[in-house]
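Student: I am attaching a structure below and will ask some questions about it afterwards.
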Amino acid sequence: MHILNMIKIQLKLLFNNRLAVFAIILAPLLLTFLVSYSSSSVNKTNVYFADKDNSEASKQLILMMKNQHDLNLISSSESEIKNKVDSDNITVGVVINKGFEYKLENNESLDATLIENYDNIDGENLSQIIISDENTLQKVNLDSKNISKILGDNNHSLYSKLIKKTNNDSSVKFSYENLKNGQNSENKITQSLIGFLLMFLWFVAIQGFRTLVEEKENNTSNRIKGTPTKYSKYLLSKIIANYIFGMIIIAIILLVGKYALNAKIVNNVVPEVIILAIYFFAIVGIVMVFVPFVKKHQTFTIIGASIMALTGILGGSFFSMDELELPKAIQIISKFMPETWGIKSLKDIIFNNASLEAQIQTIIVLGSAGIVGLLVSTILMKIISKTEKGF
C-alpha cells in the first residue's frame, strides 16, 4: 500500500504542471492538423469546366463535383479549355453540352465531354468521377419521379430535396485522391498522428523524469535517500507513475484524434494499445539511461528535445523513410529508431487489420530496449551512488 501512495503522489506532481500537460497533448494534434490541412490544400486538383447548358441540372453536376471531390473547379469557356490543353497548361478539361438537363429529364445518356490531347490518368479519373455523379443524378431524378407519382407531390421539389441530401451525405463521396493515390485523406491524417504521437512520447517520458534531475539539482535526493523508505522503491514509484502518466496522455490523444480530427486511429484497439504501451516502455527505459549523468533539468530538456527531433526524423515521424532514396548508412541507422518499429506495426494494425501475433518482432525489439534501458540505468545509479559515498 505504501508504494501505491507514493505512485499517487508522483502522479499528482506530474499533473500539477497543467501547462506542460496541455502542451504535450496539443503538440501532436496541432502538427497533425497543420500537416493534413496544408497537404489537402496543395493536393487539390484544378479542373477547368465549361457549362454550355447553364441549367439547374448542369449546375447541380458542378456542385456535386465541387462538394464531394478533392477538386478545385474553375469556370471557363470551351475555347479557353482547348487552348490550355493544346498548350499543355492542363491535361484535361470538361464541357457540359447543351441539352444536359433535357436528357436527364428524359432518362437519356447525359452529355458531358472531356477535352484532352491524349489518354492520361487525370482524364481517366475525371471520367470516372463524372460518370459516378451523372449516375447519381439519374438515380435521384428517377426516384423522385416514382415517389412523386405515389405521393402526388411536386417532382421538382422532391428532386431538389433528394439532391440536397445527396450533397450533404458523406457516404456517397467519391474521392479524386482515392483514384489518384490509392489513399484517402483520413489515412494521411492517421499516418501523421501516429508519427507525431510516437515522437512526442519522448517528451512525455522526459517530463516524467524531470523531477529526478531537479532533486539532484536542488540537493534533495540525498535527503530522500536518508528517509526510511528505500530509494529503490521511491525510484520504482516514479517509473510506474511516469508510465501511467504516459498511457493517460496516449488515451487522450487517441480519443481527440478520432473525434476531432476524424483520424482512423482507433480501429483495432487492443493490438494498438499493446504496441503503444510497449513502445512507451522502451522510451521510458532509454530516457532513464540519461538520468544518472544529468545534473540540471535544463540540460535534461535540451538532450531530450534533441533525441526527440533526431529519432523523429530518422524514425519516420515526419515522412516515411521507405519513400526516400537515402544513403545506406542512414537507412541502417533508421532501423535502430524506436519510431521505425512503432510506426511500422501501428500502420500494419490500423490499415491492414493485422493481428498482434504478426508484430512479435516489434514487441521483442521494443520490449528488450525498455528492459535493457532500465537495467543499465539502475546499474549506473548504483555505481554513481557508491562513488559519491566514497567521496
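The values are calculated or read from the model by the stated rules, or taken from the named source; none is laboratory data. These numbers were taken from a predicted model, which means no experiment stands behind them. Positions of Cβ are backbone-derived with ideal geometry, glycine not excepted, and every protein chain shown enters the neighbour counts. When the accessible area is computed, the model is the full protein with side chains, heavy atoms only, and any ligands, DNA or RNA have been set aside. Shrake-Rupley method; radii C 1.70, N 1.55, O 1.52, S 1.80 Å.
Student: Residue pairs, Cβ under 6 Å, 6 or more apart or interchain, first in the range 84-107 and more than 13 Å from residue 50 (Cα to Cα), second among the hydrophobic types (A, V, I, L, M, F, W, C) and in a strand (DSSP E or B). List them.
Tutor: Correct list of pairs: 85/115.
Student: If you don't mind, another one. Is it fair to say residue 253 is in a helix (DSSP H, G or I) and open to solvent by 70 Å² or more (accessible area, probe 1.4 Å)?
Tutor: No: the conditions fail for residue 253.
Student: Here's something else I'd like to know. Taking the range 109-127 as the search range and keeping residues that are crowded, with 16+ Cβ neighbours inside 10 Å and out of contact with any Leu (no Cβ under 8 Å at 6 or more places or on another chain), which one is modelled with the highest pLDDT?
Tutor: Across the range 109-127, the extreme among qualifying residues is 115.
Student: Do any strands (runs of 3 or more DSSP E) lying entirely in the range 1-108 carry at least 1 residues that are closer than 21 Å to residue 125 by Cα, open to solvent by 30 Å² or more (accessible area, probe 1.4 Å) and modelled with pLDDT of 85 or more, and which ones are they?
Tutor: Fully inside the range 1-108 and qualifying: 45-51, 71-75.
Student: With the requirement that a residue be of a type in the set (A, V, I, L, M) and within 18 Å of the chain's Cα centre (by Cα), what does the range 259-307 give you?
Tutor: Answer for the range 259-307, where residues must be of a type in the set (A, V, I, L, M) and within 18 Å of the chain's Cα centre (by Cα): 260, 261, 263, 265, 266, 269, 273, 275, 276.
Student: For a quick check of your reading: which helices (runs of 4 or more DSSP H) sit entirely within the range 283-391 and have at least 1 residues that are touching a residue at least 12 places away in the same chain (Cβ under 8 Å) and under 30 Å from residue 221 (Cα atoms)?
Tutor: 297-315, 360-390
Student: Quick one: would you say residue 302 is open to solvent by 20 Å² or more (accessible area, probe 1.4 Å), of a type in the set (A, V, I, L, M, F, W, C) and under 21 Å from residue 340 (Cβ atoms)?
Tutor: The answer is no for residue 302.
Student: Another question, then. Can you find a residue in the range 180-190 that is open to solvent by less than 20 Å² (accessible area, probe 1.4 Å), touching a Lys or Arg at 6+ places or on another chain (Cβ under 9 Å) and either modelled with pLDDT of 85 or more or of a type in the set (Lys, Arg) (or both)?
Tutor: Within the range 180-190, one or more residues are open to solvent by less than 20 Å² (accessible area, probe 1.4 Å), touching a Lys or Arg at 6+ places or on another chain (Cβ under 9 Å) and either modelled with pLDDT of 85 or more or of a type in the set (Lys, Arg) (or both).
Student: On the basis of being out of contact with any helix residue (DSSP H, G or I) (no Cβ under 6 Å at 6 or more places or on another chain) and surrounded by 13 or more Cβ atoms within 10 Å (Cβ to Cβ), does residue 362 make the cut?
Tutor: Here the answer is no, as residue 362 does not meet what is asked.
Student: Scan the range 207-247 for residues that are polar (S, T, N, Q) and surrounded by 15 or more Cβ atoms within 10 Å (Cβ to Cβ) and jot them down.
Tutor: If the condition is that a residue be polar (S, T, N, Q) and surrounded by 15 or more Cβ atoms within 10 Å (Cβ to Cβ), then 207, 211, 221, 237, 242 are the ones that fit.
Student: Pairs, please: C-beta under 9 Å, at least 6 apart or cross-chain, first residue closer than 13 Å to residue 197 by Cβ and free of Cβ contacts under 8 Å to residues at least 24 places away in the same chain and in the range 260-276, second open to solvent by 70 Å² or more (accessible area, probe 1.4 Å) and part of a helix (DSSP H, G or I)?
Tutor: Hits for this filter: 266/255.
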